[in-house]
């Protein structure tokens, strides 16, 4: 029997917070894929970690304040959908150590929080992560995070800012011809009944239980699962990509990013980071004419600066 592995990389939503045991989107995949795709022997790994940002997964830094507080107070996970381990259990680039056949990224909710990861840095982090997998011949799925329920507690986040991070993910998917699961749009389209996808979840903030506007409930996770399932079906019916040779088979943006990594040695991390931003910024402007005006302006300012 052929084997197939899939790894989910994300934050507390990916970890299953908000869903009851066995009903997070990752848990549904683990339970259903062997039955739906019996021609494969499946290995399903969930690297969702509460508080995680793009910078956490890439560099081991950039964890949101709430997760730090949970760790310091030894507060357990907000649900029991998955085994919970502290973020220290995962070194930088843990997603790369897994190197699954399919890696699904869903980040942005903590990046967009006050004091989180700036949009430009988030975009570069995501690009570097996906390129590191694509160049190994692995398949990558990008998911936008669900829109927030702003009627309830969101920890200072709002959908206006989160929409910019979702837009960056869409741009990356388009530029690199990757499958996109647009959860932000899916939840926004149901804004009139948004409570149905979050209630009755609660979140403890400084000892007080508040209505949770960040973590979807079982119904919300089912929305994510259904949309992701469509992408997985497409991937499984498509030939597995071969690792690119000398830049072939990946987007110009990815090739330029790889070039910058070659010319900037690990002994000069500051120069390397600057080169990553320069190449990715210039090529993002050139490649995606339908990018949002705000995203283009942000990149242009960074490049000129």
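Bear in mind that the values in this text are calculations on the coordinates, not laboratory data. Note that the coordinates shown come from a computational prediction; the quantities given were computed from them, not determined experimentally. When we count neighbours, we look across all protein chains shown, and the Cβ atoms used for this are built from the backbone with ideal geometry, even at glycine.
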Provide the percentage of antiparallel DSSP beta bridges, counting only those with both residues in region 2-243; round to the nearest 5.
15 percent
What list do you get for 106, 1, 129 if you sort them by fewest beta carbons within 10 Å?
1, 129, 106
Here the gain from full extension of residue 204 to residue 174, 0.36 nm per residue of separation minus their alpha-carbon distance, amounts to 7.0 nm
Given R₀ = 25 Å, FRET efficiency for residue 1-residue 99 by Cβ-Cβ distance, to 0.05?
0.75
